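**Q** Before I ask anything, let me first share the structure, which is written out below as structure tokens.
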Amino acid sequence: MSEQELTPKLAEAKLQFNRIEVSYKVRKTVAAQSGNRCAFPGCEQELMLDGEAFIGELASIEAIHGAGPRFNKDSNPSKLASSENFLLLCPNHHRIIDQLPERYTAEWLREAREAHLDRVREALSQGVPQPKIKLAPQVEVSLQEAVGIWNAFKENASEEFWQELFEQCPMLIAQLFPRSAFQIGSKSYVGGKSLDNAGGNLVDFVYASKTTNNVVLVEIKTPKTKLLGKRYRNNAYSLSEDLTGSIVQILNYKDSMIKEYYSLSNGQTPFSAFLPKCVVIAGSVESEMDTATKLKSFELFRNEGSGVDLVSFDELFDKVQSILDITTSKPPNSTAHTTDSPSSGL
Ligand SMILES: [Zn+2]
């Protein structure tokens, strides 16, 4: 592969005083090899959103300037400028690998790059994209359409159905967060692999705040998931097994995520604000809480808290509907004013 050629002297000088330039051709090669997916193992983040916004970031395995992570002064500069020294990552994983270079060594990243190339080749050779590797640009569902789907499919008890809707409409879950947040992955690896690299936890969704490093883990069930279990005493209900199970599961994900990042950063964690928030979306309050005792038991539990936010499907979609109402509503009696010229109110 003939990549950017530099005379050794010039290359050395560039490396000492400046960053190596990465040619357009190399950037294009790396983009073509990405299969439109973040190359971080387990990350399914698409890099081209809506066929328009491109969020992929070119990450170097060995830094191309002296102050960068994994810089190796003995490396051959023309090798550093070749496509083999780069991965295309989502912004979040780019930040993670560069902040934890002891964990994400050059060797680790080379392996990740190879594994990603294999994954893309495999998906292409099968002709049909695998379910989790959607190479074709995905149609996004608008909030308006999502509410329509909710109204028509409230009774759908398939977790895959809702997983897919939340994937195709990332803005849905984002409505739950006070600050703007974006989906950084679905079915994402959150640590917990055993030493032989087996197992590992896959959380349904990971969101990140746009303004802080904070991460939100989201587990979803279905609108048909029961929230409450048996009547415990006259005036109390226990939580259902499904809901308790989901809460324990997501706390487990949080635990493994924190441990994995903290223990590996030698106390100098870049995630000083790294306390993942946890959300479980399950059930329907409206159709299940048909007595005051049931509602009270549920509210007592979720307000006193397990550290996990519980949101039901109907509450989520009600919230989305009211946001849509606000953003798309016309003022009352708007028809009476439609003939007014825009300047008449001044
Ligand atoms: Zn990623």
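What follows draws every value from the coordinates through simple rules; no lab data is involved. Computed from a predicted structure; not experimentally measured. In this analysis, Cβ positions are derived from the backbone assuming ideal geometry, glycine residues included, and neighbour counts consider all displayed protein chains.
**Q** I need HIS65, HIS94 ordered by Cβ neighbour count within 10 Å, fewest first.
**A** In increasing order of surrounding Cβ atoms, one gets HIS65, HIS94.
**Q** For a quick check: sort MET289, MET257, MET171 by the number of other beta carbons within 10 angstrom, fewest at the front.
**A** Ascending number of Cβ neighbours within 10 Å: MET171, MET289, MET257.
**Q** Counting other beta carbons within 10 Å of each residue's own, what order do THR225, THR244 fall into, fewest first?
**A** With the fewest neighbours first, THR225, THR244 line up as THR244, THR225.
**Q** Moving to a separate point now. By the gyration tensor of its Cα atoms, with a ≥ b ≥ c the square roots of the eigenvalues, what is the shape of region 8-125: rounded for a/c under 1.5, prolate for a/b over b/c, or oblate?
**A** In terms of gyration-tensor shape, prolate.
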